[in-house]
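What follows is one structure encoded as structure tokens, with my remarks underneath.
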Amino acid sequence: MDLEGSRIQDDPHVKVMMAGSTLRKVKSRSWKKQRHFRLLEDGMTIWYKSRWAGRGHSTFSITEVEAVREGHQSEVLLSIAEEFPADLCFTLVFHGRQGNLDLVAESTEEAQAWIQGVRKLIHKTQTMDEKERLDQWVWDWFNKADKNKDGKMNFKEVRKLLKMMNVEMNEEHALHLFTMADKSESGSLEIEQFVHFYKMLTQRDEVWKVFQDFSGDGEKLMLEELENFLRTEQQEGEQSAQHAQELTDRYEPSESAKKQGAMTFDGFQMYLCSQEGSIFKPEHRQLHQDMSQPLSHYFISSSHNTYLLENQLRGHSSLEAYIKALKRGCRCVEVDCWDGSDGEPVVYHGHTLTSKILFKDVISTLKEYAFKVSDFPVILSLENHCSVEQQTVMAQHLSQILGDTLLTTLVDGLIPQQLPSPQELKGKILLKAKKIGGLEVCLDETLTDEVSDEEEMANGECSDDPPAESLGHNAKKSKLSRELSDLVVYCKSVHFHGFEHARLHGKCYEMSSFSESKAKKLAKEAGTDFVQYNTKQMSRIYPSGLRTDSSNYNPQEMWNVGCQIVALNFQTAGLEMDLNDGLFRQNGCCGYVLKPDFMRDGSTQFSPEKPDGKQGYKPLRLSIQVMSGQQLPKVNQKEGSIVDPLVRVEIYGVPQDQAREETSHINNNGFNPVWNETLNFVIHTPELALVRFVVEDYDKASRNDFMGQFTLPFTCLQAGYRHIHLLSRDGTAIPPSSLFVNISISELT
């Protein structure tokens, strides 16, 4: 059995990688060191070490790599462009928040071999089906445990392997399985026998039981039996018959079973572990919402101080931070501009030790990456601290670099009563900044180019960031460059004068920014007013200036009152970004999610504090039977440590829906723990609720360790027996870690 697939290892580029190369690893202009890199036999792991160091080496898996950039395509490589020609340079970009790896080869041929080779390997990992993925995983374990590399594994090696895999098993049981797998009675297992051993080890009794309940002969599911399972357990209704046929065609490995129109246990397990058997409704993953409504009717994925990769005081300002945020589906990025020393505006967090980058470089990066993952518009939120001269330079860069991509005119030439839609603004970048006068008076050239003190407050977010107060803005008027002002169309920054004022005088293109504390206060005191305000105008929320560690606030409270642009520090992993990723995982990850209908109607009476007051109020009961876990990640890499996992389900939504329930913990088993515990919830406003599944390693003495999580909107849940494919703290996949649950949703009677 050749698990590796002979084709890829025969590829000439991959062969070069397997033979190994000396590449220069570059961290900065002064840090460039030679390292020996090679691809290991599994065709998945890249190993490297410094030439001289003794035993120390590092490895990473191809599955962690998102893309390869050719040439001087990173800030680090650009900074040494003089020294190394572009055709020797390349950058490996990783998923999640892991930093890039910048490399320089010794020859063009070698650079090409690594660039093309890694791309082919990435493609291969992305196109593997479930079975190949599992085989790869087994193969990886076999290689890890075969310490003396003789291609066999004795019982002692198997015991060690079980520990590595997070399984605590008594000696007798392990020996029993080992002897059963050791058909040749040689006292050791070769790869095929090991696969058999692994199959016995991962036998899913709880899935077998479900299979037995629906199978007449206990061997296979005939089409009508599978259809019955889909209708009664998976609640699929009308489409069950057609779906049963499709699933058998897609997941049944046995050709003879397919011919009989039947599904074996292997096929059934394959289906349950696939995307279709996952907890997320497949049709909601795609772009499926109406994108022709005004911008104010959508939640928009938004980043705060996008240029920072670390904290707010001394972090590194970076173009990579923009690329990472845009790749995560972010549609509103922020730029903090200050006068640069040579007439070129710079971007950094003013009055702090964060490093500076050029405004024009940020705009070039934006042009290149804005529409890689989504065609819908990007809002560029400008915090402008520049002199009039450098504002004019900014305006020139925006026009020259972005060209037609920058929206500078009204969509239909008419003064809008409501904002244009994401559909109408596809492929456009919108500037959010202060503007001299409004759209109505654009034609009137007699305006002065001064902005009054009130409007001033709207832009420098002075209310929360103490340093901004002392910027010499004490003067009553601050000058605005006419050229920059003219580029602002649908997102004019204004000071907020209260809901009543907005009701009477607010224009749909006027936008205010609120600090998290101000927004929280308004949401509590005047929830319904805030929801109504947000049907017509957009509001942007940003973290308190005291969050110098780049921590985040809970975005749910802001979404509850319909705020569209809830800006978070994308560089900081944790609960708040899990919620953001969860909400925007639907609708094709395009960065726009249509708000529920009761948040789009201007006369709505909805209040998150009193959800039962809304028309058509229908609370739902959510019941989650947490059945089992599969191959949960190790928290502690020490060989002897094994986890004690528990599962917690958390609901985020209107205040009444906030809830959490957890299972008990299972001792010493991260490999295949079984809980079989049911957690119950009542959801009052399902349209706004998010459900977060968290797995933790129980520790009675200190805080539990995080192991994995998955968050999704309540409206995207599929009922029935489902797998939840867990994500790391960083939001990246950690296959094959999963939870197996049974979900039922019913009306509360």
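The values are calculated or read from the model by the stated rules, or taken from the named source; none is laboratory data. What you see is a predicted model; the values in this text were computed from it and never measured. With ideal geometry, Cβ positions are generated from the backbone for all residues, glycine too; neighbour counts draw on all protein chains shown. Protein only, heavy atoms only, side chains kept; ligands, DNA and RNA dropped before computing areas. Shrake-Rupley method; radii C 1.70, N 1.55, O 1.52, S 1.80 Å.
Observations on the model:
- Yes/no for residue 562 being in contact with a helix residue (DSSP H, G or I) (Cβ under 6 Å, 6 or more places away or on another chain), crowded, with 18+ Cβ neighbours inside 10 Å, farther than 30 Å from residue 707 by Cβ and not acidic (Asp, Glu): yes
- Residue ID - farthest from residue 608 (Cα to Cα), chosen from residues in the stretch 536-562 that are free of Cβ contacts under 8 Å to residues at least 60 places away in the same chain and within 21 Å of the chain's Cα centre (by Cα): 551
- Whichever residue in the stretch 249-288 is assigned to a loop (DSSP other than H, G, I, E, B) and open to solvent by 40 Å² or more (accessible area, probe 1.4 Å) and, among such residues, is farthest from residue 419 (Cα to Cα): 260
- Restricting the stretch 690-733 to residues that are surrounded by fewer than 18 Cβ atoms within 10 Å (Cβ to Cβ) and hydrophobic (A, V, I, L, M, F, W, C), the residue that is nearest to the chain's Cα centre (by Cα): 733
Residues are listed down the side, and each one gets a yes or a no for (1) of a type in the set (Phe, Trp, Tyr); (2) out of contact with any Phe, Trp or Tyr (no Cβ under 7 Å at 6 or more places or on another chain):
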| site | (1), (2) |
| --- | --- |
| 247 | no, no |
| 271 | yes, no |
| 274 | no, no |
| 290 | no, yes |
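- Pick from the stretch 63-88, criterion without any contact (Cβ under 8 Å) to a residue 12 or more places away in the chain and among the charged types (D, E, K, R), ranking: surrounded by the most Cβ atoms within 10 Å (Cβ to Cβ): 83
- Those residues of the stretch 89-143 which are open to solvent by 30 Å² or more (accessible area, probe 1.4 Å), in a helix (DSSP H, G or I) and under 30 Å from residue 32 (Cα atoms), in sequence order: 108, 109, 110, 112, 116, 119, 120, 123
- The residues of the stretch 333-388 that are aromatic (Phe, Trp, Tyr) and under 24 Å from residue 490 (Cβ atoms), listed by number, are 359, 369, 371, 376.
- Filtering the stretch 605-626 to residues that are at pLDDT 95 or above and either among the β-branched types (Val, Ile, Thr) or surrounded by 19 or more Cβ atoms within 10 Å (Cβ to Cβ) (or both) leaves 606, 607, 608, 622, 624, 626.
- In the set (1) open to solvent by 10 Å² or more (accessible area, probe 1.4 Å); (2) touching a strand residue (DSSP E or B) at 6+ places or on another chain (Cβ under 7 Å), the condition left unmet by residue 595 is number (1).
- So residue 740, is it among the aromatic types (Phe, Trp, Tyr), open to solvent by 10 Å² or more (accessible area, probe 1.4 Å) and either out of contact with any Pro (no Cβ under 7 Å at 6 or more places or on another chain) or part of a strand (DSSP E or B) (or both): no
- Only listed residue being of a type in the set (Asp, Glu), modelled with pLDDT of 95 or more and closer than 26 Å to residue 440 by Cα, chosen from 557, 510, 525: 510
- Residue in the stretch 667-680 that is at positive phi and either among the polar types (S, T, N, Q) or free of Cβ contacts under 8 Å to residues at least 12 places away in the same chain (or both) present: yes
- Residue ID - farthest from the chain's Cα centre (by Cα), chosen from residues in the stretch 492-517 that are open to solvent by less than 10 Å² (accessible area, probe 1.4 Å) and of a type in the set (S, T, N, Q): 493
- Residue within the stretch 341-356 that is surrounded by 19 or more Cβ atoms within 10 Å (Cβ to Cβ) and more than 20 Å from residue 432 (Cβ to Cβ) present: yes
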